[in-house]
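Asker: Just dropping this structure here.
Just so you know, all these numbers are worked out from the coordinates, no wet-lab data involved. The structure presented is a predicted model; accordingly, all values stated were derived computationally and were not measured. When we count neighbours, we look across all protein chains shown, and the Cβ atoms used for this are built from the backbone with ideal geometry, even at glycine.
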Ligand SMILES: [Zn+2]
């Protein structure tokens, strides 16, 4: 059997960059993944995978292994926001854009790494490796829509890796928060503001008092909360009869999150009561916290590969979620790994070619290293 070291040395930076640029050239703002889905179906099946796509659009590409175990490698095909016509520029070993759009390294750097890995495995059929289930989701940037609706019973992976985080190469995201979306509606009473304001109940004022009474921002080491928008009212001369606040809260600690949500709810109900308004407080869990211990397989395998490449392991607690939150919640323990992307979701998004290459080498090593 060939050694994995051999395969790692075959990671081809030029080919990897070419693949990445070709993927970036296919517009795929979240919710519009048809074209990139077709492109990826073709590429993964040309490289020996069996493809299936669910009703939502999530792709699963299975590459048969030489061993009994099965590993999940997760990426997403959509990009954040609505940017299209992305024009990448390479400068001093860094891929960025002209500054008018995002780059889409989130998550096409992860996908390009998967395609490079597959290219190498496909060309070296004597290298031992597990069966790989590449899961490429849609709607990740719309609140993990794709992975949330995914039926994982058709997967046989027992552990996995999510190639979808920023941070230094060598980072292993082992702990992610629960995220809750908040929709808070206040109903007061409309009235003519000039003629009979005393007949009205000002819903915007209630919302303001509620916000003022809420703990917001960084609550503690594990917990954050935000009210991001407030809308309401109709005209300057009408006492506003309704107001709506949209917000979110996240915590790595479920009980701290529950306490924070209670505090926000009480602030809203207290303000509504004082003014005789009614309040509707909706908290929707978007994804749930997970924590993978150092002793668990995905962490161990990732750390082993990272160290084998002479890189330091950085255990990372993330402030956001990935599709990995759903895989963990549905029973496939996963950690998330850095792809080299920086400033994702911003027009300053970029990626150093060396980092993208090293992230790919980590994945190649994980897949081809000797089983423990
Ligand atoms: Zn992403």
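Asker: If you find the alpha carbon centre of the range 266-312 and of the range 158-219, how far apart are they in angstrom?
Answerer: So the separation of the two Cα centres works out to 15 Å.
Asker: Between residue 56 and residue 168, what FRET efficiency comes out of the Förster formula 1/(1 + (r/R0)^6) with R0 = 41 Å and r the beta carbon distance, rounded to 0.05?
Answerer: Working: r = 33 Å, r/R0 = 0.80.
So, using R0 = 41 Å, E works out to roughly 0.80.
Asker: Based only on other Cβ atoms within 10 Å, what is the fewest-to-most ordering of 182, 117?
Answerer: On the way: 182 21, 117 27.
Ranking 182, 117 by Cβ neighbours within 10 Å, fewest first, gives 182, 117.
Asker: Restricting to DSSP H runs of at least four residues, report the calculated mean residue ellipticity at 222 nm for the chain, -39500 (n - 2.57) per run over all residues, nearest 500 deg cm²/dmol.
Answerer: Numbers: 10 runs with 123 residues, N = 372.
Value at 222 nm, helices only, nearest 500: -10500 deg cm²/dmol.
Asker: Between helix 13-24 and the chain, what is the angle of the helix's C-alpha long axis to the longest principal axis, kept within 0 to 90° and rounded to the nearest 10?
Answerer: Taking Cα atoms only, the helix is inclined about 40 degrees.
Asker: Nearest-5 percent of antiparallel DSSP beta bridges in the chain?
Answerer: Taking every DSSP beta bridge with both residues in the chain, the antiparallel ones total about 70 percent.
Asker: To make sure I understand, if each residue's beta carbon is the centre and we count other beta carbons within 10 Å, what order do 334, 49 fall in, fewest to most?
Answerer: Working: 334 30, 49 23.
The order, fewest Cβ neighbours first, is 49, 334.
Asker: Here's a follow-up. Using only Cα atoms, find the angle between the long axis of helix 297-308 and the longest principal axis of the chain, and express it within 0 to 90 degrees, rounded to the nearest 10.
Answerer: Compared with the principal axis, the helix lies near 60 degrees.
Asker: OK, next. In whole angstrom, note down how far apart the Cα centers of the range 22-67 and the range 327-341 are.
Answerer: After rounding, the separation between the Cα centres reads 19 Å.
Asker: For the pair residue 87/residue 259, report the inter-label distance in nm, with labels modelled 7 Å from Cα in the Cβ direction.
Answerer: The modelled label-to-label distance comes out at 5.3 nm.
Asker: For an R0 of 45 angstrom, estimate the FRET efficiency from the Cβ-Cβ distance between residue 229 and residue 158 and round to the nearest 0.05.
Answerer: E(calc), rounded to 0.05, equals 0.60.
Asker: With only alpha-carbon atoms counted, please give the Rg and Dmax of the range 3-58, in Å.
Answerer: Both quantities, over Cα of the range 3-58: 14.2, 41 Å.
Asker: Can you tell me the 0 to 90 degree angle between the C-alpha axis of helix 254-275 and the longest principal axis of the chain, rounded to 10?
Answerer: Rounded to the nearest ten degrees, it is 20.
Asker: Have a look at 189, 96, 199 and tell me which one the Gaussian network model of the chain (Cα, springs below 10 Å) gives the largest fluctuation.
Answerer: It is 199.
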